[in-house]
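Just so you know, all these numbers are worked out from the coordinates, no wet-lab data involved. Because the structure is predicted, anything quoted here is derived from the model rather than measured. Note that we place each Cβ from the backbone using ideal geometry, even for glycine, and neighbour counts take in every protein chain shown.
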Amino acid sequence: MPSIIKNEYFTKEQEQTARFAKALSHPVRIAILELLNSQTCCYHGDMAEELPIAKSTLSQHLNELKDAGLIQGEITPPSTKYCINKENWNLAQNLINNLLK
């Protein structure tokens, strides 16, 4: 039996849902997204002062969220500006809502 190549078996929606779910799979990332989503504009400053984690750990979580497309902005000091990527945030909500129907 030939092996099935992942990209030929799963839909783009399934792949994207899994990518978003992976990015959402840590409580620190959920806290980051909640903080950013509560802002009226982009967050400027040191988010490590808002969350009880080390800056290096925060950076790893921000990178994971950025790689998944859920946040955007400059996430490397000294230029720090973080925003929810509204388009991908809405897509993630729709994909996850469809999964949970």
*asked:* Let's see if you can work this out: charge +1 on each Lys and Arg Cβ, -1 on each Asp and Glu Cβ, no other charges. What is the dipole magnitude of the stretch 11-99 about its Cα centre, in debye to the nearest 20?
replied: 140
*Sequence-distant or interchain residues sharing an amide H contact under 5 Å with THR80, placed H: which?*
GLY45
*Along the Cα-to-C-beta direction of THR40, a point sits 7 Å from the Cα; which residues of the stretch 85-101 have their amide N less than 20 Å from that point?*
85-86
_Helix axis angle, 86-99 relative to the chain longest principal axis, alpha carbon, degrees_ = 40
*By how many degrees, 0 to 90 and rounded to 10, does the Cα axis of helix 55-67 deviate from the longest principal axis of the chain?*
40
*asked:* What aspartates and glutamates does LYS66 reach when the alpha-carbon gap must be under 17 Å and sequence neighbours fewer than 8 apart in one chain are set aside?
replied: GLU15, GLU34, ASP46, GLU74, GLU87
*For the chain, build the charge dipole from Cβ charges (+1 Lys, Arg; -1 Asp, Glu) around the Cα centre, then report which of LEU99, LEU70, CYS42 sits farthest towards its positive end.*
LEU99
_Check the chain for me: any Cys whose beta-carbon has no other cysteine beta-carbon within less than 4.7 Å?_
CYS41
*Report, to the nearest 10°, how far helix 27-37 tilts away from the longest principal axis of the Cα atoms in the chain, using its own Cα long axis and a range of 0 to 90°.*
70
